[in-house]
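See structure below.
Rule-based calculations on the coordinates, nothing more; no lab input. All values derive from a computational prediction rather than experimental measurement. Positions of Cβ are generated from backbone atoms using ideal geometry, with glycine treated the same way; all protein chains shown enter the neighbour counts.
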């Protein structure tokens, strides 16, 4: 797309959204976020990512706010990956109380209007266009609190079921979730996204985590949106003293999936681990962005991001580890490994370090390659078909991420899910 046409599409895209925003009266704080969108538009859409990610069709589409039918019904037993959970079920971003549990044990759930509280600037670690869009249009905030000194044995399961728009229109779902893990609490959250039709939708979600002193959180996210959908997620994570945060992401759906993860290690002895496995095929696009800000001493971060790309799939990874001036004894490591199964698939990878302190231990690395012919030959010589041999190599490549998942009760389910998904890919 030449630059003039691209800019025209962006202008039309913004004008369309401006009409949607102005069609009803909005609280002052939401207007603040909307104004921020126009401040960011030039810098955001001129970024390198939009040169490597072809989204021409997205900006030429017609958009509308998705239908919020809270009476939606579906058989959950066929969908849930884990049965022994406290479940919150959403349809197009709206809570379905008849499908959700009534009792959440030590988890406290509240739904508040978006103008109920002012936005804390700490939650906006890294500003971007779609983050402010979700803040502007989201009418309700889901507040999840895990109380002080509690350690529930049952995970909280957030199930997002989405439906799209017909006639070449995209239904937009804006969601906002605040999760507060209080002092010395320990919990697990599973977040599962899927589409119940083949129609197009944009899932634009902002999830904020605040971990107070000595808190621990295990967070597993599985994206199984349909292949005509767009998924843009902004996760802001604030870690205080002696906290640990484990984040596992499995990207298995969506035409375009962008995951922005921003972590702020505010106080000493806080640890974060981020692992992701993305398996785009055909013309799918995966965009993974991480920003880890080490603000205090003696903190640790670990990242492992893997992509398996087939057909004409495109992958993009951009990760930054920043070490502030006073963050001595920082231990940060980031790795991005990519397996290409087709000469038509593409990967762009850019790991970065920004270090402003002495006495730190930081490293980053990236690998890109095709399947090893010797490995294929070895498997073929054992009577294994070429297609099955390739699937075995793809599965073996994904195992490192699977083994890092700390949800022991979900290992078998996730393993079967990955095997089944890989079997469906044509290579």
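Among 210, 156, 22, which one moves the most in a GNM of the chain with springs linking Cα atoms closer than 10 Å? With Cα springs under 10 Å in the chain, the top fluctuation among 210, 156, 22 is at 22. Note on the chain: GNM, Cα springs under 10 Å; of 196, 404, 223, the largest mean-square fluctuation is that of 196.
Would you calculate a helix-derived [θ] at 222 nm for the chain, using -39,500 (n - 2.57) for each DSSP H run of n ≥ 4 and dividing by the full residue count, to the nearest 500? Present the calculation step by step, with values, prior to reporting the outcome.
Details: 8 runs with 96 residues, N = 427.
Per the formula, -7000 deg cm²/dmol.
Which semi-axis lengths, in whole Å and largest first, follow from the square roots of five times the eigenvalues of the Cα gyration tensor of the range 134-190? Walk me through the numbers on the way to the answer.
Numbers: eigenvalues 205, 39, 6 Å².
So the three semi-axes of the range 134-190 are 32, 14, 6 Å.
In this rough spin-label picture, where each label sits 7 Å from Cα along the Cβ direction, the residue 213-residue 68 distance is 3.9 nm. Counting only DSSP beta bridges with both residues in the range 65-371, the antiparallel share comes to about 5 percent.
Just the number, please: Stokes-Einstein D of the range 269-345 in µm²/s, Kirkwood Rh from C-alpha pairs, 25 °C, 0.890 mPa s. Estimated diffusion coefficient is 180 µm²/s.
Shape verdict for the range 193-344, please, from the Cα gyration tensor: rounded (a/c under 1.5), prolate (a/b greater than b/c) or oblate. Walk me through the numbers on the way to the answer.
Numbers: a/c = 2.86, a/b = 1.80, b/c = 1.59.
Cα axes put the range 193-344 in the prolate bin.
From the alpha carbon centroid of the range 344-366 to that of the range 370-401 is 29 Å. Shape call for the range 270-399 from the C-alpha gyration tensor, a ≥ b ≥ c root eigenvalues: rounded (a/c under 1.5), prolate (a/b greater than b/c) or oblate? Prolate, since a/c reaches 1.5 and a/b exceeds b/c. Highest GNM mean-square fluctuation among 98, 132, 364, for the chain modelled with Cα contacts below 10 Å: 98.
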